[in-house]
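I have placed the structure first, in the form of structure tokens, so that the comments after it can refer back to it.
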Amino acid sequence: MKQHDTVIIACIIWGVITGYTSQRAMYRAVCTVLFPNGNFPSKSRSTRLSANLAYTIKIIRYFFIKKHIKGELVGIIDSFPSPLCKPVRNRRAKILNQLAKIGYNSMKNSYFYGPKIHIIGTKTGFSVTYSITDPSVHDVKVLETLSEEANLPNILGDKGYISHKIHEKLAIKGISVLVPPRKNGSLSNRTDKVIYEHQS
């Protein structure tokens, strides 16, 4: 071994923090900046080591986040689109086509090509846990999984996270989901019924 596993992990984290978005660019930077003497594994071996250490990195991340959010009582859940191209190229784009699809961004009233990112963060903006899905996946579908991973007693969300069944399941596990009430037709029907009974 030219370098220990801890060094490989540190180089991966350094590359991510520095802003490199591809393994090739990251590897070149590590060899040029950190190990100009060539005392670093070859690219193929470095890639294999990185893949083998992925689970170890997840464990490190878990305990790092657990320490960082100690004392936090509230998490905020939300989702947002991640466009991979300009709208004019939506029909022609093929990058990450196993996950990226054409979806609708209601905030901008426009269509986009890309995945949708679901995230739970703290009030200070620290990311606790996340999930990446295709745009057709409804927000409530990831609510249970992300809430359990975040391990926070209270989760705040918008109306897209209303699901009494999931809320009850999480409540049993000590997680309270707080969302604004939805003004749907059933509420109006109940109100109309009360008015009708009062008049009769």
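Okay, here's what the table says:
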item	result
Amide proton proximity set for V128, modelled H, under 5 Å, gap of 5+	I120, G121, T122
Protection proxy ranking, peptides 74-85, 6-17, average beta carbon neighbours within 10 Å, highest first	74-85, 6-17
Carbon and sulfur %, accessible surface of the chain computed with the full protein complex present, 1.4 Å	58 percent
Amide H partners (placed H, <5 Å) of G75, local residues excluded	N154, I155, L156
Overall form of the range 1-45 per C-alpha gyration tensor (a/c, 1.5; a/b vs b/c)	prolate
Whole-percent pair-distance distribution, where bins are 10 Å wide, for the alpha carbons of the range 14-125	11, 25, 30, 28, 6, 0
Solution diffusion estimate, µm²/s, Stokes-Einstein, the chain, Kirkwood Rh from C-alpha pairs, 37 °C, viscosity 0.692 mPa s	160 µm²/s
For the range 80-126, the fraction of alpha-carbon pairs in successive 5 Å shells from zero, as %	5, 22, 27, 18, 11, 10, 5, 1
Calculated [θ] (222 nm, deg cm²/dmol) that DSSP helices of n ≥ 4 give over the chain, each run adding -39,500 (n - 2.57)	-12000 deg cm²/dmol
D_trans [Stokes-Einstein, Kirkwood Rh over alpha-carbon pairs] for the range 91-168, 10 °C, 1.306 mPa s, µm² s⁻¹	114 µm²/s
Along the chain, longest interval not containing exposed trypsin sites (Lys or Arg not before Pro), exposed being DSSP loop plus at most 14 other Cβ atoms within 10 Å	3-69
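The values are calculated or read from the model by the stated rules, or taken from the named source; none is laboratory data. These figures come from a predicted structure and were not determined experimentally. Here Cβ is always computed from backbone atoms with ideal geometry, including for glycine, and neighbour counts include all displayed protein chains. What goes into the accessible areas is simple: the full protein's heavy atoms, side chains included, and nothing from ligands, DNA or RNA. Shrake-Rupley method; radii C 1.70, N 1.55, O 1.52, S 1.80 Å.
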